[in-house]
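Please read the structure below before turning to the comments.
The values are calculated or read from the model by the stated rules, or taken from the named source; none is laboratory data. Because the structure is a prediction, the values reported are computed rather than measured. Here Cβ is always computed from backbone atoms with ideal geometry, including for glycine, and neighbour counts include all displayed protein chains. These accessible areas exclude ligands, DNA and RNA; they are computed on the full protein's heavy atoms, side chains included. Shrake-Rupley method; radii C 1.70, N 1.55, O 1.52, S 1.80 Å.
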Amino acid sequence: MDSTGGSIMDKQRTFTGKTLSLVIPCYNEEDVLPLLTERLENLRNDIDGEVEFVFVDDGSKDKTWDLLSEYTSNKAHADAFRLSRNFGHQTAVSAGLQQTTGDLVAVIDADLQDPPEIIPDMIRKWETGFDVVYAVRKNRKENFILKFCYFLFYRLLKKMANIDVPLDSGDFSLMDKKVVDQINAMPEHNRFIRGMRGWVGFKQTGHEYERDGRAAGKPKYNFKKLLELAMDGMISFSSLPLRIAGWLGVFAALFGFIYLLIELIKMFFFQTPPGGWASTIAIIIFFGGIQLIMLGILGQYVGRIFDEVKNRPHFIISENTREK
Ligand code: UDP
Ligand code: MG
């Protein structure tokens with residue numbers, strides 16, 4: 001590590017002489033890799049400082065690993081790590097973050113939806129004193145329904161989460177080493193990187209950009225995976241669903257009590273016997289349903305606690321090109 005700048009110049013940090021590590025998770029990205037590496041090399045030439053590429057192959061079933069090991073074989077500035085199976089995007093990013101050696105770390109998708117070309121601008125923001133510069137999408141070139149889901153998700157998360165997750169920012173970001181060290185030190189298995197990044201704190205700012213469409217290949221997130229990611233975000237960072245369950249219980253009990261009172265009054269003062277078999281069944285089914293939903297929510301938390309207490313390693317690296 002380099003500590004250029006000295007104490008007098010500390011106010012204005014400079015990247016000169018420092019190293020930038022790029023973390024790139026790849027899952028079945030053989031189609032996009034040639035394009036990706038070309039754009040990354042261009043970036044490397046544009047940057048005044050060292051650049052290190054850390055590719056993580058998240059258990060790809062196509063030629064991704066072969067391409068990566070070939071590409072990195074004769075390059076001191078590029079390393080690839082192969083996970084023993086598909087662990088998921090967030091875990092792949094976590095694995096990459098642990099392998100970085102740079103003073104600055106950028107996380108970037110392999111599909112070029114995150115344009116590497118804006119990283120120099122992000123570095124300039126870091127130089128003005130920010131520790132995290134997260135990229136904020138100006139617009140998405142994705143289908144309408146997906147756009148709407150993202151829109152809803154980020155707004156819901158902001159309302160629910162106990163921490164500030166910046167609107168419309170994904171994992172694409174530039175982080176100071178001290179932030180990365182903190183994220184690496186977090187032991188949780190359910191890793192929601194953008195949330196953890198927000199939780200860490202320090203000085204954070206956004207950087208707007210146009211999100212491109214995927215350069216090649218198919219999206220690796222399907223609706224189910226996106227929903228799981230959304231659930232991870234909500235549940236790992238908020239206990240609001242549990243509180244909602246509690247409040248619904250209070251309202252239901254209150255409703256039941258008032259209803260009972262009304263029936264008693266009707267019986268004793270107006271001699272109307274309680275009736276209504278259909279309404280009884282409806283109410284039983286309704287509250288039975290609510291109870292099951294709430295049990296499901298509780299189950300989400302219990303399941304996550306179960307994952308945490310098992311305390312397994314977050315991922316397994318089966319091969320890497322660093323020891324070459
Ligand atoms: N990815 C991964 N593991 C997975 C799914 C995706 O490492 O299980 C990587 C993928 O190769 C890409 C990034 O995560 O670099 C984002 O995936 P994708 O572009 O499919 O997601 P989307 O753009 O739809 O959010
Ligand atoms: Mg993508």
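For this structure, a couple of remarks:
- Residue in the range 25-34 that is assigned to a helix (DSSP H, G or I), within 16 Å of ligand 1 (Cβ to nearest atom) and farther than 19 Å from Asn320 by Cβ present: yes
- Residues of the range 74-131 satisfying the condition of being more than 26 Å from Gln12 (Cβ to Cβ) and among the charged types (D, E, K, R): Lys75, Asp79, Arg82, Arg85, Asp109, Asp111, Asp114
- Scope the range 298-324; condition of a type in the set (Gly, Ala, Ser) and in contact with a Leu (Cβ under 9 Å, 6 or more places away or on another chain); matching residues: Ser318
- Filtered residues of the range 47-78 (kept if under 20 Å from Leu97 (Cα atoms), hydrophobic (A, V, I, L, M, F, W, C) and assigned to a loop (DSSP other than H, G, I, E, B)): Ala76
- In the range 44-68, the residue that is least open to solvent (accessible area, probe 1.4 Å) out of those that are farther than 14 Å from His89 by Cβ and acidic (Asp, Glu) is Glu52.
- Considering only residues in the range 259-277 that are hydrophobic (A, V, I, L, M, F, W, C) and surrounded by 10 or more Cβ atoms within 10 Å (Cβ to Cβ), the one that is farthest from Met234 (Cα to Cα) turns out to be Met267.
- Residue within the range 238-258 that is within 16 Å of ligand 1 (Cβ to nearest atom) and among the aliphatic types (A, V, I, L, M) present: no
- In summary, Tyr221 fulfils each of the numbered conditions (1) open to solvent by 60 Å² or more (accessible area, probe 1.4 Å); (2) within 16 Å of ligand 2 (Cβ to nearest atom); (3) more than 15 Å from the chain's Cα centre (by Cα) with the single exception of condition (3).
- Test: residue in the range 208-228 that is at pLDDT 85 or above and away from ligand 1 (no atom under 13 Å from the Cβ): yes
- Test: residue in the range 280-289 that is at positive phi, modelled with pLDDT under 80 and open to solvent by less than 80 Å² (accessible area, probe 1.4 Å): no
- Within the range 178-228, being among the aliphatic types (A, V, I, L, M) and either touching a helix residue (DSSP H, G or I) at 6+ places or on another chain (Cβ under 7 Å) or in contact (Cβ under 8 Å) with a residue 12 or more places away in the chain (or both) holds for Val179, Val180, Ile183, Met186, Ile193, Met196, Val200, Ala215, Ala216, Leu226.
- The single condition from (1) open to solvent by 10 Å² or more (accessible area, probe 1.4 Å); (2) assigned to a loop (DSSP other than H, G, I, E, B); (3) within 30 Å of Leu227 (Cβ to Cβ) that Thr16 fails is (3).
- Tally, over the range 83-110, of residues that are among the polar types (S, T, N, Q) and assigned to a loop (DSSP other than H, G, I, E, B): 4
- Matching entry among Phe144, Phe153 (being open to solvent by 10 Å² or more (accessible area, probe 1.4 Å) and more than 16 Å from ligand 2 (Cβ to nearest atom)): Phe144
- Residues being open to solvent by 30 Å² or more (accessible area, probe 1.4 Å) and either among the aromatic types (Phe, Trp, Tyr) or within 16 Å of ligand 1 (Cβ to nearest atom) (or both) - total across the range 191-207: 2
- Of all the residues in the range 99-138, those that are away from ligand 2 (no atom under 15 Å from the Cβ) and within 20 Å of Thr205 (Cβ to Cβ) number 25.
- Count of the range 94-127 residues, restricted to those that are more than 15 Å from the chain's Cα centre (by Cα) and more than 10 Å from ligand 1 (Cβ to nearest atom), is 21.
- Cβ-Cβ contacts under 7 Å between residues 6 or more apart (or on different chains), taken from a first residue in the range 38-63 that is of a type in the set (Lys, Arg) to a second residue that is within 13 Å of ligand 1 (Cβ to nearest atom), are listed as Arg39/Leu112; Arg39/Pro116; Lys61/Asn28; Lys63/Glu30.
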